[in-house]
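**Student:** Have a look at this one.
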Amino acid sequence: MGDAFVKINVGNAFVILYFVSVVALGVAGCGGAPSGSISGAGGGPSGPSAGEYLWEFSLTNDNLFFSTVDSGTGQLGAPTMSQGIACNSLGTIPSIAVTPSRKFAFVIDNCLAGIHVYSMNGPGISLAEIVGSPYFSPTALDSISVDPSGKFLYAIGSPGTVYQFAVNGNTGELSLLSTTVEAADLRQVVADPNGKFIFVNDLTGGRVFGFLVGGGASLSPVPGSPFIVPANGQPVNLVMEGGGTFLYSPLISGGIAGFAINTSTGALSDMPGSPFPTSGQPFTLATDPSWKFLYSIGGSLNSSIEGFSIDANTGTLAAITGSPFSTPSSLNSLAVDPSGHFLYATVQAMTLADSNILGFAINTSNGSLSELATSPYSAPPFPVNVVSLHIP
């Protein structure tokens, strides 16, 4: 076991953060690495196999699963264990982040209050824990995100803590760079695709915090941060447009807040018409890779998917013709495949037999949805989240 004390300057207070890195020893049960998964640090000899995949998280099984996605038909393969752990992955905020190189995956373990670091290998996707992982945190973690360069990892800890790590591109090892503490109910961090900013939602405070990044000793707020969500809304989570121009959040009170991002300063401004109306209380969003469409669940007892077109100039949302699209079951998460042709939704399973994933074809001209003929698909026990992944 290696222990490290890192001195961090947080605002005007000087604190000592205790951060521990240990080698996983194949502990069975909640939070342990799978037996035989330990390897030397590094990205693996072959890397994961090229293709499209869906990460799949289970409420009752600690393993991190994946399925292959047929890019022509949208059909999902059977759920397969990746040899990685994703213990107690609740809700719709992704607890996984992958480096742009596809060499490493970082996964939150809420049983251990830490982060697993895995090298990604083939065939398919096979995860192997690096030496020194998992990294334990002094607080429970809610969200992680990797910047587009793959050099930095950001994690949200309870209460109101933003951790900034350096990522060793050769080994995947993490080094804590800074800790920023806010008097806020921080939940999810998203990284600007241009590598200049990160944004974090304050759920109960109805705000969004923005920070300038660059790997320095601390994060600094963007001008005007934190930003008040319109209509006193409480932002559940965040989704950022792929060009780093627009930011969206579903609100507990109903509707979707939309912000325009000043790409020079990181300052947020409300879009005209925000928050955009929804039929109920949305709690998760998904977008297609081209950023033409946005999808939401949370209305009509969660048994429908609402679709919106995105104005390319203003980011404003308009309901797609035919929306909301009814589904045969209540849903709890959404993901669009990397091609933008298919959408997947996990079913709110009440029994093991109900553990399914629904698949839909996306009309790329108007954004409308139609269920795939081969849907539903097998899923891990009581699935709670899905995240798409493309391996070039």
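Nothing in this text is a laboratory measurement; each read-out follows from the coordinates by a stated rule. Bear in mind that the values here come from a model prediction, so they are computed numbers and not experimental data. Note that we place each Cβ from the backbone using ideal geometry, even for glycine, and neighbour counts take in every protein chain shown.
**Student:** What whole-number distance in Å separates the alpha-carbon centres of the stretch 323-392 and the stretch 282-307?
**Tutor:** With the stretch 323-392 and the stretch 282-307 each reduced to a Cα centre, they are spaced 11 Å.
**Student:** What aspartates and glutamates does Lys292 reach when the alpha-carbon gap must be under 19 Å and sequence neighbours fewer than 8 apart in one chain are set aside?
**Tutor:** Within reach: Asp192, Glu241, Glu306, Asp311, Asp337.
**Student:** Roughly how big is the stretch 153-218's charge dipole about its Cα centre, with Cβ charges of +1 (Lys, Arg) and -1 (Asp, Glu), in debye to the nearest 20?
**Tutor:** Dipole size: approximately 80 debye.
**Student:** Placing +1 on the Cβ of each Lys and Arg and -1 on the Cβ of each Asp and Glu in the chain, which of Gly367, Val384, Phe199 has its Cα farthest towards the positive end of the resulting dipole?
**Tutor:** Of the candidates, Phe199 comes out farthest on the positive side.
**Student:** How large is Rg/Rh for the stretch 103-195, to two decimals, with Cα atoms and a Kirkwood Rh?
**Tutor:** 0.97
**Student:** Also, quick follow-up: Pick the calculated Kirkwood radius over Cα pairs in Å for this structure from (1) 25.6; (2) 21.1; (3) 24.6?
**Tutor:** Only one listed value fits the structure, namely (2).
**Student:** On to the next question. So what is Rg over Rh here for the stretch 147-234, counting just Cα atoms and using Kirkwood for Rh?
**Tutor:** 0.99
**Student:** Another question about this same structure. Ordered by residue, what ³J(HN,Hα) values in Hz, to whole numbers, does the stretch 363-376 give under the Karplus form 6.51 cos²θ - 1.76 cosθ + 1.60, where θ = phi - 60° and Gly and Pro are x?
**Tutor:** 6, 6, 8, 10, x, 5, 10, 9, 5, 5, 4, 8, 7, x
**Student:** On to the next question. So if I place +1 on the C-beta of Lys and Arg and -1 on the C-beta of Asp and Glu, and nothing else carries charge, what would the dipole magnitude of the chain be about its Cα centre? I want it in debye, nearest 20.
**Tutor:** Charge dipole, the chain, about its Cα centre: 460 debye, nearest 20.
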